[in-house]
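A.B. asks: Sending over a structure as structure tokens; questions will come in a sec.
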Protein chains: 2
Amino acid sequence: MKEHSAAEEKGILTAHLAKNRLKRSEPREAILDVFLRSDHHVSVDELLRLVQKRRRDIGRTTVYRALKVFQQAGLAHELVLDGENRYERAYKRGHHDHFICNSCGSIFEFTSAEIEAIQERHAHRIGFKIEGHRHQVYGQCQSCVGKGPRRTRR
Amino acid sequence: MKEHSAAEEKGILTAHLAKNRLKRSEPREAILDVFLRSDHHVSVDELLRLVQKRRRDIGRTTVYRALKVFQQAGLAHELVLDGENRYERAYKRGHHDHFICNSCGSIFEFTSAEIEAIQERHAHRIGFKIEGHRHQVYGQCQSCVGKGPRRTRR
DNA sequence: ATGGTTGCAAAGTCTTTGCAACTAT
DNA sequence: ATAGTTGCAAAGACTTTGCAACCAT
């Protein structure tokens, strides 16, 4: 299920660092590594935990800062959820929206050019220039349907 | 631009209180009053400020608690934005989504049965049972276009 | 009287920032 | 040497909770 090699994304990071006169660092590279290997939609907590399996000395702050750099480099995209944010790979991945299970929390992606088009039409109607959007659909995923909701949002 | 009388919503609150063995209270009624009069999409801060114009002794906590009750009574709907949440009237208002200006912060509503239908189709495809959704489109509103973004999200 | 309601202060979450030590260039 | 990077602790922003006093029923 890999869209492309992680090596490619590491190159992107290096280029971004060069372009912005930033320096490379082991912790940040370890974080990128883990981020790329991780399932999509990791939270900071999860990512930190995964990173610390490899390097116990890496702190939470560094993860936050690394994610910020990844976003600027176009490698990560932030998903603003209710309490916490999650991060997904962004490099060479088209825009997509999400189904989020209220019971188990799992996330499914979907894309719809139609929706984008309709959105654009509505925007045009009121002279609104779209710069981005956030579209999250909540409910019960296939394997949780019938068991009733267990994870209530705040 | 009033969809219906505020009195109707006050009745709903009273009914909700009765049904749940809750008691009426002046502060909560004052908050509902101000909430109904306010422009849609108020933040807790704004609502508190408005409420305190009338009754300086009402505290922020009470506003939070009142909004929770209003939501349970179906009178208010919470809009989860980036840093803070906003609240809008929910009684007898159909579902709708939002355009949010990155510059001035103003919010415009839009409805699209088509989008809902497409969403439903995608959900059905993966056996997902939709319970709700959050669809926010960010960009520049008509009067801010051309001035460039000034209000950057966190 | 009983039990919901209120304001305040304190505690909670998640995220960012100040700072001194450290490290890449 | 110069300037970015790191971890920790502290600070921030927003929201919730504990508690004693208060008020509706």
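The values are calculated or read from the model by the stated rules, or taken from the named source; none is laboratory data. Just so you know, these numbers come straight off a predicted model, no measurement behind them. Here the Cβ positions follow ideal geometry from the backbone for every residue, glycine too, while neighbour counts run over all protein chains shown.
A.B. asks: With the structure loaded, tell me whether residue A:108 is touching a residue at least 24 places away in the same chain (Cβ under 8 Å) and either over 15 Å from the mean Cα position of the chain (by Cα) or surrounded by fewer than 21 Cβ atoms within 10 Å (Cβ to Cβ) (or both) or whether it fails that test.
C.D. replies: So residue A:108 fits the description; yes.
A.B. asks: On to the next question. From A:69, A:51, A:63, grab the single residue that is within 10 Å of DNA strand C (Cβ to nearest atom), more than 14 Å from chain B (Cβ to nearest Cβ) and buried (at least 18 other Cβ atoms within 10 Å of the Cβ).
C.D. replies: It is A:63.
A.B. asks: Another question, then. Just to be sure, is residue B:68 at pLDDT 95 or above, of a type outside the set (A, V, I, L, M, F, W, C) and within 11 Å of DNA strand D (Cβ to nearest atom)?
C.D. replies: yes
A.B. asks: Please determine, by comparing only the residues of the stretch B:78-95 that are surrounded by fewer than 18 Cβ atoms within 10 Å (Cβ to Cβ) and not acidic (Asp, Glu), which one is nearest to the other protein chains (Cβ to nearest Cβ).
C.D. replies: That would be B:80.
A.B. asks: Return yes when residue B:143 is more than 30 Å from residue B:21 (Cα to Cα), at the interface with another protein chain (Cβ under 9 Å from one of its Cβ atoms) and either hydroxyl-bearing (Ser, Thr, Tyr) or within 13 Å of the chain's Cα centre (by Cα) (or both) and no when it is not.
C.D. replies: Answer is yes for this residue.
A.B. asks: So, one more: Select from the stretch A:12-57 the residues that are under 26 Å from residue A:105 (Cβ atoms) and charged (D, E, K, R) and list them in ascending order.
C.D. replies: A:33, A:37, A:39, A:45, A:46, A:49, A:53, A:54
A.B. asks: Within the stretch B:101-145, how many residues are of a type in the set (Val, Ile, Thr) and touching a Lys or Arg at 6+ places or on another chain (Cβ under 6 Å)?
C.D. replies: 1
A.B. asks: Quick one: would you say residue A:98 is within 11 Å of chain B (Cβ to nearest Cβ), in contact with a Lys or Arg (Cβ under 8 Å, 6 or more places away or on another chain), buried (at least 20 other Cβ atoms within 10 Å of the Cβ) and not aromatic (Phe, Trp, Tyr)?
C.D. replies: No.
A.B. asks: Taking residue B:40 as meeting all but one of (1) within 14 Å of chain A (Cβ to nearest Cβ); (2) closer than 23 Å to residue A:130 by Cβ; (3) of a type outside the set (D, E, K, R), write down the number of the exception.
C.D. replies: (1)
A.B. asks: Checking the conditions here, which among B:105, B:127 is in a loop (DSSP other than H, G, I, E, B), out of contact with any Ser or Thr (no Cβ under 6 Å at 6 or more places or on another chain) and under 29 Å from residue A:124 (Cβ atoms)?
C.D. replies: Result of the check over B:105, B:127: B:105.
A.B. asks: Do we find that residue B:114 is facing chain A (nearest Cβ under 10 Å) and part of a helix (DSSP H, G or I) in this structure?
C.D. replies: Here the answer is yes, as residue B:114 does meet what is asked.
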